[in-house]
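Trainee: This is the structure, below, for whatever I ask next.
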Amino acid sequence: MSSYVPYKTKQFFFVLIKLSIVVGAFYFIYSKITKNESLEFSTFLSFLNENNVFSTKNISILILLSFFNWFFEILKWQHLVGTLKHISFISALEQSLGGLTASLITPNRIGDYGAKAIYFTKKLRTKIVLLNLLGNMAQMTVTTLFGLVGLFFFLNAYSIDINFYKVTRFASIILIIGLLVLFGVKQKRFKIKGVSFTAILTFIKSISIKTHSLNLALSFIRYLIFSFQFYYLLIAFGVDISYANAMMAITSMYVLASIVPTISIFDVVVKGSIAVFLFDYLHISELTILSITTTMWLLNFVIPSIIGSYFVLNFKLTNLIE
C-alpha cells in the first residue's frame, strides 16, 4: 500500500492547485465586481438599462465580437503549437481559456505560460513557453504600432499637458533596459530559466516566415475586433463620435495600458483610468467610459475565464500531449 502513497499525494496536491486557481480567480472577479470604488455594480447595471445596452441587437453583436476575438486567439495558438505538434481546435481552446483562468491572479498574465505548458510533456514545455511568448509579442507589436500612430494624432489634435521631464526619464529607463537586453543577448552564458538568449533567438529564427506572418495577421485581426467592439459600445451608449476620433483615443489607450505592469484581474482598472483620462479630452463622461471598460472586461475576460475554469478543474495528468 505504501507504494501508492506518493502517487495519491501527488494527485491530492494537483487537485488542490486546480481548486486554488479556480477559487482564486472567482474570488478576484467577485471582489472586483462588488468592491469597485470607481464604479458600483448597481450603478453600472442601471446605466446599462438607461442606455438600452441590453437590447437583443446589442447583446448579439457584442457577444459575436467577443466570440471572434477569442476564436482568432485560439486559432493563433493552434497554429503556433502546430509548428511542434498538431493539436485540434478544441485542445487549443481548452489550453487558451484554461491559461486565461490561471493568469487572472498573476502579474502580467505570467500564469498563462505555465498553464499552457503543463498540457505538454516536459521535453516540449520550454518550446511551448517560447511559442506563447511569440504569440504575445505579435499582439504587443500590433498594439504598439497602432497605438503610437493613434497617440501621435491624438497629441496633435488635443492640447495635453505633458511632463516632458518624466517622459524623458521614462524613455531613458526603457533605453537602458533595451541596451541591457541587447548585452544579455550577446552573452551566451546569460540564461533565463536555463535557456540562453541565443537559444531563444535561434528558436525564433527557426520558425518559418509563413508562421510569423500568420501570427501577426491573426493578431492584427484580433486588434481590429476588440478595438471596434470598444467603438461599438461608445455608439451603444449614445456617444456622438466619428470612427477616426474614437480610434485615436482607443489605440492610445491600449498602448498606454499595455506598458503598465499589472495583475490581469486589475486590467479593467488600468484601462479604465487611462480611458477616462483620454476620453475626457473628447468630452465623454467618466461614467460612460468606466461602463464601457467594465463591459469589455466582462465580455472578453470574465466570461471566457469562467468557461476556462471548467477546463482547469477537468485537467488530468493523463491529458499531457507528447
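Trainee: Amide H of residue 105 versus every other amide H placed in the peptide plane: which residues, excluding those fewer than 5 positions away on the same chain, fall under 5 Å?
Mentor: Residues meeting the criterion, in which the H sits 1.01 Å from N, do not exist here.
Trainee: Let me ask something else. Quick check: the distance between the Cα centres of the stretch 34-92 and the stretch 275-289, to the nearest angstrom?
Mentor: 23
Trainee: Arrange 20, 258 by Cβ neighbour counts within 10 Å, fewest through most, would you?
Mentor: Neighbour counts put them in this order, fewest first: 20, 258.
Trainee: Here's another thing I want to ask about it. Please list the non-local residues whose amide H lies under 5 Å from the amide H of residue 321, H modeled 1.01 Å from N, same-chain partners needing a gap of 5 or more.
Mentor: 120, 121
Trainee: Karplus couplings for the stretch 111-126 from phi (6.51 cos²θ - 1.76 cosθ + 1.60, θ = phi - 60°), rounded to Hz, Gly and Pro as x?
Mentor: Taking θ as phi minus 60°, the curve returns x, 4, 5, x, 5, 5, 5, 5, 6, 10, 5, 4, 5, 9, 5, 4 Hz for the stretch 111-126.
Trainee: Arranged by the count of other C-beta atoms within 10 angstrom, fewest first, what order do 77, 297 take?
Mentor: So the ranking, lowest neighbour count to highest, is 297, 77.
Trainee: While we're looking at this one, here's another question. Along each of its three principal axes, how wide is the spread of alpha-carbon positions in the stretch 73-151, in whole angstrom units, largest first?
Mentor: 43, 28, 22
Trainee: Please list, short to long, the whole-number percent of alpha-carbon pairs of the stretch 1-146 in consecutive 10 angstrom bins beginning at zero.
Mentor: Computed distribution, short to long bins: 9, 27, 31, 22, 8, 2, 0.
Trainee: For a 21 Å ceiling on Cα separation, which of these pairs sit above it: 122/210; 35/116; 85/127; 76/116; 76/316?
Mentor: 122/210; 35/116; 76/316
Trainee: Another one. Give, in nm to one decimal, the length gained when the segment between residue 63 and residue 37 is fully stretched (0.36 nm per residue of separation minus the Cα-Cα distance).
Mentor: Full extension of this stretch gives 6.7 nm more.
Read-outs throughout are calculated quantities, based only on the coordinates presented, and are distinct from any laboratory measurement. These numbers were taken from a predicted model, which means no experiment stands behind them. Methodologically, a virtual Cβ is constructed for each residue, glycine included, from the backbone with ideal geometry; neighbour enumeration extends over all protein chains shown.
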